[in-house]
1. What tally of residues in the range 158-170 results from selecting those that are surrounded by 15 or more Cβ atoms within 10 Å (Cβ to Cβ) and under 28 Å from the mean Cα position of the chain (by Cα)?
2. Do the conditions hold for Leu124, that is, is it surrounded by 11 or more Cβ atoms within 10 Å (Cβ to Cβ) and within 15 Å of the chain's Cα centre (by Cα)?
3. Across the range 150-166, what is the number of residues that are in contact (Cβ under 8 Å) with a residue 24 or more places away in the chain and more than 15 Å from Leu95 (Cα to Cα)?
4. Is it fair to say Asp75 is under 20 Å from the mean Cα position of the chain (by Cα), among the charged types (D, E, K, R) and at pLDDT below 75?
5. Select from the range 19-51 the residues that are of a type in the set (Asp, Glu) and either assigned to a helix (DSSP H, G or I) or surrounded by 10 or more Cβ atoms within 10 Å (Cβ to Cβ) (or both) and list them in ascending order.
6. Here is a list: Leu51, Leu100, Leu80. Which entry is at pLDDT below 85 and within 30 Å of Arg172 (Cβ to Cβ)?
Amino acid sequence: MKKATPFRYMNEQIGFYIAAGDQELLAQVKKLMSRNGCLGVMDTAGRVQYLIDGRMGSPFAARRIMETADRLLLDRQAHLSPFKRCLGRAVDQVLSRHNLRPELKGYRYLRYMLLLAGDDETCLRPVSKTLYPAAADHFRVKVSQVERDIRYAIQQSDFRRTGLTGAAAICRMHDEIMGEAERLAEIEISSANDHAGGGLKASD
C-alpha cells in the first residue's frame with residue numbers, strides 16, 4: 001500500500017499539516033516544536049491548548065509562555081473596536097471623577113460590574129439580579145458582601161451627597177462611561193486618521 005504523503009499549505013496566517021500515521025504525526029509535532037518551542041492544538045470544544053517544549057529548560061518554557069500570552073493579548077486588542085479598547089480607561093476615569101477609593105473592595109466590585117455593563121447594557125436590568133451575582137461569582141464572595149462593600153464605597157465617595165442607592169449610582173456611572181468611551185474612541189479614530197493622512201502625504 002502506497003504511503004500517504006503529507007500535504008502542507010502555509011502562509012503567514014495559517015498552516016495545515018496532514019499526517020497519515022502516528023510516526024508521521026509525531027515527526028511533524030517534533031519538527032514544529034523544535035522550530036517554535038510552542039504548538040497550539042484545538043480541543044473538541046474549539047479551544048486552543050498550547051503545548052510548550054520543556055526540554056529546553058524552565059526559563060525557556062516560561063519565556064515562550066509569556067511571549068505567546070502577549071501575542072494573543074495584542075491580537076485580541078487589535079480586533080477590538082475603538083470603543084471597546086477605550087472602555088476600561090473610561091471606567092477608571094469615571095470612578096476617579098467621583099472619588100471612589102481604589103483600595104476598597106467595593107471599588108473592585110464596581111469596576112468589574114461597570115466593565116460588564118459597558119460590554120452588555122442588558123446587565124443593568126435589574127442590577128441586583130445580574131451584576132451583583134456576577135461580581136459575587138467572579139470574586140467568590142456572597143452577594144450580600146458585594147452589596148455591603150459597594151454601599152460603603154459609594155458612601156465614601158462624592159455620591160454620598162446625592163442619596164443615590166448602589167444600583168442608581170451604577171446606572172449613572174454607566175451613562176457617564178458610555179459618553180466618555182465614545183469621546184475617547186473618537187479621539188483615537190481621529191488620531192489614527194491623522195497618522196494615516198500624514199503617511200500618505202509623506203509618500204507623495
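The values are calculated or read from the model by the stated rules, or taken from the named source; none is laboratory data. Predicted, not measured: the structure shown is a model, and the values here were computed from it. Because the Cβ atoms are built from the backbone with ideal geometry, glycine has one as well, and the counts that use them run over all protein chains shown.
1. 4
2. So Leu124 fails the test.
3. Total satisfying the criteria: 0.
4. yes
5. Going through the range 19-51, the residues of a type in the set (Asp, Glu) turn out to be 22, 24, 43.
Those that are of a type in the set (Asp, Glu) and either assigned to a helix (DSSP H, G or I) or surrounded by 10 or more Cβ atoms within 10 Å (Cβ to Cβ) (or both): Asp22, Glu24.
6. On the way: Leu51 fails: within 30 Å of Arg172 (Cβ to Cβ); Leu100 fails: at pLDDT below 85.
After applying the criteria, what remains is Leu80.
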